[in-house]
Amino acid sequence: MTEENTQTTPLAERAPEQVAAFLTEQRQAYDELRARGLTLDLTRGKPASAQLDLSDELLSLPRGPRDASGVDTRNYGGLEGLPELREIFGELLGVPAAQLVAGGSSSLVMMREVLTDLWVRGGVTSERPWSAEEKVTFICPVPGYDRHFTLLDWFGIETVTVPMGEDGPDVDAVAEIAAADPSVKGMWLVPTYANPTGDVTSRAVAERLVSMPTAAPDFTIMWDNAYALHHLTDEETESADVIGLAAAAGNPHRPVLFASTSKITYAGAGVAFLGGSPEVVRWYVENLGMGSIGPDKVNQLRHAQLFGSAEGVRAHMRRHRDLIAPKFAEVERVLSERLGGLGVAEWTRPTGGYFVSLDVLDGTASRVVELAREAGVALTPAGSAFPGKRDPRDRNIRIAPTFPDLPAVTEAMEAVATCVRLAAAEKLAD
Ligand code: PLP
C-alpha cells in the first residue's frame, strides 16, 4: 500500500489547505490518466466471450429433432415450451414445471408482454384493463434496473420509489403505498442479487409482499429473478419461493416470475421463463397465442441436452463463477485501496449477480461519469438506476465488471477511483 492509501482522515474533516493540496494532487493524477488515452467500458452487464465459450456445445446440438416424448421440435406447437427444459428450470427456480413457461430468448420481452396484456386485457384479478384506469402507478425499489423503469415510462405508468435494502425493498414503505392508493398496480423486484445492489430479498420480506393488503385487487409483483443462479461465492443463496408463499397467503395471482439463460448460456440466444399460478400461466399463454404458434423448441431442446439436469446447470454456473469472481474481487481491491477511509464513497460487495453499486459523495456522480468519459472510460450514465434517470442525490454509479478482461477491469477501476477522488476534492474545496 502506498502512503496515500493508508490515509484515514476523511476528506471532509481535513483543514481547507489540506483539501486544497489534495485537490492539486488529484488534478495531476487525472491529467496523467487522460494522457494515457484509455478506451475502456464498464457500462452494460454482458457476459465476456470466455463465458459464452462455456456453452459452445450448443453449436452442435440438438442431437436430432425430437424431444424425450417424441415431439418433433422443428414444427409448430407447444406454446408453453418444452417439458424437459421446464422440468430442469422449474427445479432451479422453485416453480412446478406445469407453472413455468419456456419462451423465446428474452425475459424482458416477456415482461413487456405481461404489462401489455394487463394494459389491453387486464389480468386474472383485474376489474378492467389497466388502460381503462385513470392512472397506473408502480412501486420501484431504488437503485434498480434501468430497463424496468424505461419500460414503465413507455407505457406512461407513473412511479413511486422505495429504498432497496440488504433484505429487499423497504417493505413497510411498500405496504403503506400499496394499501393506500388503488392506482398502485404493482412493483418491480429483482429478488436475488439485485441489479445493481446485489441485495437478496429475504423470505420474510417476500412473505409480507405477497400477504400485505393492497388497494388494487390486481396488484402485481414483477419478480424478475434474472440472477437467481448467478452466485459469486460457495454460498448458493436460494430465492424465496414467491409463488408458493403467495398461494399460502391467499394471493396466488400476485407474483409473476421471470428468468432467463441470457447469462447462463448465450445472452442473444438463450431461453426465457415465466412462472406464476396455474391461472396466471393460462392467462399468459392464451394471450401469447394471439401472436405465436409456438416457441423455438429446437433451441429449448439443445439447452435441455446441454445441461441434462438441474445439477448440470449448477455445475455450469460454477464455471461462470470461476471466470467472473476474480473481476469482482478486483473491483473491491481497487476501491478499498484507493477510496477506503476517505469518506467519499461506499460500495456494495455482492455475493452474486453482475454489478457493484457505487455511491460517491452526494452531488458528484454526474461529474465522476463525465470525468471518466473524458479519460476514455465509459460508465453507465449517472442516475440510470432511478426512474426518469433522476438520482435525487446524484451519487449512484453502477459498475459492471463482467465483460472486460481482468487487466482492463483493474485499469478501469483505477481510473474510476481517480475520478471519484477528483470530483470529491472539487466539491469539498468549493
Ligand atoms: N432483468 C434484469 C434485472 C437484468 O439485469 C437483465 C439484463 O441485464 C434482464 C432482465 C434482461 O434479461 P433478458 O436477457 O432475459 O431479456
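Some points to look at:
- Going through (1) within 30 Å of VAL313 (Cα to Cα); (2) open to solvent by less than 80 Å² (accessible area, probe 1.4 Å); (3) out of contact with any helix residue (DSSP H, G or I) (no Cβ under 8 Å at 6 or more places or on another chain) one by one, PRO47 falls short only on (3).
- Boolean, THR220 is closer than 16 Å to MET187 by Cβ and not hydrophobic (A, V, I, L, M, F, W, C): yes
- Of the strands (runs of 3 or more DSSP E) lying entirely inside the stretch 342-430, those containing at least 1 residues that are surrounded by fewer than 24 Cβ atoms within 10 Å (Cβ to Cβ) and among the aromatic types (Phe, Trp, Tyr) span 345-347.
- Pair list, Cβ < 6 Å and 6+ apart or interchain, from the stretch 122-139 residues that are under 15 Å from ARG254 (Cβ atoms) to residues that are outside any loop (DSSP other than H, G, I, E, B) and small (Gly, Ala, Ser): PHE138/GLY186
- Residues satisfying the criterion are absent from the stretch 187-195 (criterion: touching a residue at least 24 places away in the same chain (Cβ under 8 Å), open to solvent by 20 Å² or more (accessible area, probe 1.4 Å), among the small types (Gly, Ala, Ser) and within 15 Å of the ligand (Cβ to nearest atom)).
- Set side by side, the residues GLU311, GLU346, GLU332 differ, and just one is free of Cβ contacts under 8 Å to residues at least 60 places away in the same chain and closer than 18 Å to ALA259 by Cα, which is GLU311.
- Residue within the stretch 102-118 that is surrounded by fewer than 18 Cβ atoms within 10 Å (Cβ to Cβ), away from the ligand (no atom under 16 Å from the Cβ) and either charged (D, E, K, R) or farther than 30 Å from ALA417 by Cα (or both) present: no
- Residue within the stretch 349-358 that is touching a Ser or Thr at 6+ places or on another chain (Cβ under 8 Å) and aromatic (Phe, Trp, Tyr) present: yes
- All helices (runs of 4 or more DSSP H) inside the stretch 34-151 with 2 or more residues being modelled with pLDDT of 95 or more and touching a strand residue (DSSP E or B) at 6+ places or on another chain (Cβ under 9 Å): 83-93, 107-120
- Within the stretch 137-185, tally of residues that are open to solvent by less than 30 Å² (accessible area, probe 1.4 Å) and among the acidic types (Asp, Glu): 1
The values are calculated or read from the model by the stated rules, or taken from the named source; none is laboratory data. Computed from a prediction, not measured in an experiment: that's the story for all the values here. Cβ atoms come from the backbone with ideal geometry, glycine included; neighbour counts cover every protein chain shown. Note: accessible area is taken over every heavy atom of the protein model, side chains too, but ligands, DNA and RNA are not part of it. Shrake-Rupley method; radii C 1.70, N 1.55, O 1.52, S 1.80 Å.
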